[in-house]
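What follows is a set of notes on a single structure, which appears directly below.
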Amino acid sequence: MKNSDAVPYGAAAPEEATEIREVQHFAYCPHRWGLIYIGCDWRENAFVCRAKLVHERVDRGQAASLRGSIVERSVQVYEDDWGLFGVLDALEMKSSPGGAAIAKYGKRFALTVVEYKPSRPRNERALFADRMQLLAQKICADHVFGTDCAACFYYADTRKRDAVRFAEADFAALAGILRSIADCRRRQRIPPPNRSALCSGCSMKDICLPKAGGEGCESC
Ligand code: SF4
């Protein structure tokens, strides 16, 4: 599905623009997002450290050649109508006469947005959060490069790629997340905690679960 076919989110004021990684945090758990972006708090755990290590190499911002492709790292992107901005882990460029014109190389390329993850989440909600992040990246990359980018995850533990295709429902889900983020930000509201299987892997649990009574919360 092309970005142009997407459910429009509606133009956001510049100060309401959402960083792509916020999407992943909110889709994982709205309370987690609120602790980080409204409460300005942050905690790390083994999962966070592992993800940081995986990103270390791709975040150096240097182009490289891989299997006949050029790979640009840490690519800054944005999309004003969706009110999104952020950085792609990697953008893979394969020479293609019908692809996007990239002035730096004076050639046309088929583009793939690549998001690096330590491993494939087993939890469906966590997988959904990663998909929403990747979709936000694709929307921005489509806009900046004027093409319909492919998108995939690269899982470091298996060294395998997982190509992802998005449907209309995914665009609608992302639009809903962005509306919720904008609403919470406008009202400076931290959504309530929602204890779930995701809490065990959440780096914010030490400051979150005691407040949630340690055994549930107002929404579960
Ligand atoms: S511990 Fe659970 S409820 Fe609290 S922020 Fe993390 S995922 Fe959300």
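Sorting Cys40, Cys184 on the 10 Å Cβ count, fewest up front, what's the list?
Ranking Cys40, Cys184 by Cβ neighbours within 10 Å, fewest first, gives Cys40, Cys184.
Region 120-192: which trypsin sites (Lys or Arg not before Pro) are DSSP loop and have at most 10 other beta-carbon atoms within 10 angstrom? Provide the component values of the computation, followed by the final result.
Details: sites: Arg122, Arg125, Arg131, Lys138, Arg159, Lys160, Arg161, Arg165, Arg179, Arg185, Arg186, Arg187, Arg189; in loops: Arg122, Arg159, Arg165, Arg189.
Answer in residue order: Arg122, Arg159, Arg165.
So which of Lys104/Lys160; Lys107/Lys138; Lys94/Lys117 end up more than 24 Å apart, counting from Cα to Cα?
Lys104/Lys160
Kindly identify region 88-179 as rounded, prolate or oblate by the Cα gyration tensor criterion: order the square roots of the eigenvalues as a ≥ b ≥ c, call it rounded if a/c is under 1.5, otherwise compare a/b with b/c, prolate if a/b is larger, else oblate.
It is oblate, given that a/c is not under 1.5 and a/b is not larger than b/c.
The numbers here are math on the coordinates, done by the rules we state, and not lab data. Here the structure is a predicted model, which means the values were calculated and not measured. We place every Cβ from the backbone using ideal geometry, glycine too, and count neighbours over all the protein chains shown.
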